[in-house]
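Novice: Got a structure for you, written out below as structure tokens; questions coming shortly.
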Amino acid sequence: MTSVSSALAGKVALVTGASSGIGEATAVALAAAGAKVAIAARRADRLEALAARIEEAGGAALRIEADVTSNDDVTAMVDKVVAEWGRLDILVNNAGVMLLSPAADAELDDWRRMVELNLLALMGVTKAALPHLRAAKGHIVNVSSIAGRVANPGASGYAATKFGVVGFSESLRREVYADKVRVTVIEPGLVRTELGDHVTNPAAKAGLDQRLAAMEALTAEDIAAAILYAVGQPAHVNVNEIVIRPTDQER
Ligand SMILES: NC(=O)c1ccc[n+]([C@@H]2O[C@H](COP(=O)([O-])OP(=O)(O)OC[C@H]3O[C@@H](n4cnc5c(N)ncnc54)[C@H](OP(=O)(O)O)[C@@H]3O)[C@@H](O)[C@H]2O)c1
């Protein structure tokens, strides 16, 4: 981020999972476009470094240490944004985890973790933020995945959560459009981030590493640019879905 433009001046954004990868790049992009950005995640050191990076470039950042699977943290997170900046215009529901494994070998706790974070927490954050987003005629961006459109073997638990995000988002869009609240689902293919680091199933990990080695994967900044495109549209334009794959990725 080199300078701050005025495209999103006056807007307040909240990005979950902002401590790395897509969330971090999105926070930087939103701040560079002039939005004030609340950055939420569990790793305080990463948030501190990101806030410093945004502020050094002339942007405004608010650090919020939060586990979005905790109802109390979610309430406190949304309250903190509104207490500090008086409004909430853009919510980017990005926090997620991808614990790949074939269904037969899956750890139930991994499935539970993915459902609780990728789906339930996204729904809970949305509900907590909705009154403020309605008041601001705001925008909700839900980061799903190509795994929410194409169900590949070896990813059943993850796909279940991301198909869930797509279903939730479309139903939500139809509930809030009349209040001028926009809803966008982002469905990236393979992006080079820390996401794969948490995969413990050896075959799934090897398969993922092999796919990444064989292609020029997307960068977190590629996805941030897509999110910026969606939220930067005029108020009458509701970009509902962006599927974005590496050119090298077939499915
Ligand atoms: N990378 C890809 O290929 C890809 C493709 C399609 C979709 N996506 C989606 O993109 C999103 C971001 O992933 P990424 O690729 O950027 O991976 P990442 O670098 O691992 O980022 C995940 C983020 O989620 C946060 N997070 C995890 N658990 C959390 C919790 N309980 N409460 C709050 N924050 C939590 C992490 O922060 P803390 O650990 O500090 O809490 C981190 O900031 C995910 O929803 C993922 O499913 C990624």
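The values are calculated or read from the model by the stated rules, or taken from the named source; none is laboratory data. Quantities reported herein were computed from a predicted structural model and do not represent experimental measurements. Cβ: placed from backbone, ideal geometry, glycine included. Neighbour counts: every protein chain shown. These accessible areas exclude ligands, DNA and RNA; they are computed on the full protein's heavy atoms, side chains included. Shrake-Rupley method; radii C 1.70, N 1.55, O 1.52, S 1.80 Å.
Novice: Which of these, 157, 86, 124, has the largest mean-square fluctuation under a Gaussian network model of the chain (Cα springs below 10 Å)?
Specialist: Maximum among the listed residues: 86.
Novice: Also: Of the heavy-atom accessible surface of the chain (probe 1.4 angstrom), what whole percent is carbon and sulfur?
Specialist: Numbers: 5860 of 11690 Å².
Solvent-exposed carbon and sulfur of the chain make up 50 percent of the total.
Novice: Another question about this same structure. Could you tell me how many degrees, from 0 to 90 and to the nearest 10, lie between the Cα long axis of helix 122-136 and the main elongation axis, the longest principal axis, of the Cα atoms of the chain?
Specialist: With rounding to tens, the tilt is 20 degrees.
Novice: Which order do peptides 104-113, 14-23 fall in by mean Cβ count within 10 Å, highest first? Don't skip to the end; give the middle numbers.
Specialist: Working: 104-113: 13.2, 14-23: 27.1.
Ranked by mean Cβ neighbours within 10 Å, highest first: 14-23, 104-113.
Novice: Please list the non-local residues whose amide H lies under 5 Å from the amide H of residue 185, H modeled 1.01 Å from N, same-chain partners needing a gap of 5 or more.
Specialist: 142, 241, 242
Novice: For every helix of n ≥ 4 consecutive DSSP H residues, a contribution of -39,500 (n - 2.57) applies; sum these over the chain, divide by its total residues, and give [θ] at 222 nm rounded to the nearest 500 deg cm²/dmol. Before the final figure, lay out the partial values.
Specialist: Working: 8 runs with 107 residues, N = 251.
-13500 deg cm²/dmol, from helical runs alone.
Novice: Sorted by mean Cβ packing within 10 Å, highest first, what order do the peptides 137-149, 161-173, 190-202 take? Mind dumping the intermediate values first?
Specialist: Details: 137-149: 23.7, 161-173: 19.4, 190-202: 16.3.
Descending mean neighbour count gives 137-149, 161-173, 190-202.
Novice: With θ set to phi - 60° and the Karplus curve 6.51 cos²θ - 1.76 cosθ + 1.60, what are the ³J(HN,Hα) couplings of the stretch 94-104 in order, to the nearest whole Hz, using x for Gly and Pro?
Specialist: Each residue of the stretch 94-104 in turn: 10, 4, x, 9, 10, 9, 6, 5, x, 4, 5 Hz.
Novice: Using alpha carbons only, how many degrees (0 to 90, rounded to 10) separate the axis of helix 202-213 from the longest principal axis of the chain?
Specialist: The angle comes out near 60 degrees.
Novice: List the pairs from 11/80; 80/127; 127/180; 36/80; 11/127; 11/36 whose alpha-carbon separation is above 18 Å, in the order I gave them. Write out the running numbers ahead of the final one.
Specialist: On the way: 11/80 16 Å; 80/127 16 Å; 127/180 16 Å; 36/80 13 Å; 11/127 20 Å; 11/36 6 Å.
The pairs that break the limit, which is 18 Å between Cα atoms, are 11/127.
Novice: Using θ = phi - 60° and the Karplus form 6.51 cos²θ - 1.76 cosθ + 1.60, what ³J(HN,Hα) does each residue of the stretch 153-168 get, whole Hz, x for Gly and Pro?
Specialist: x, x, 9, 4, x, 5, 4, 4, 5, 6, 4, x, 4, 5, x, 4
Novice: Based on the alpha-carbon gyration tensor of the chain, what equivalent-ellipsoid semi-axes (square roots of 5 times the eigenvalues) come out, in whole Å, largest first? Mind showing how you got there, number by number?
Specialist: Values: eigenvalues 155, 74, 65 Å².
Taking √(5λ) for each Cα gyration eigenvalue gives 28, 19, 18 Å.
Novice: Calculate, for the chain, the solvent-accessible area per residue in square angstrom, rolling a 1.4 angstrom probe over the heavy atoms of the protein chains.
Specialist: Values: 11690 Å² over 251 residues.
Computed with neighbouring chains in place, this is 47 Å² per residue.
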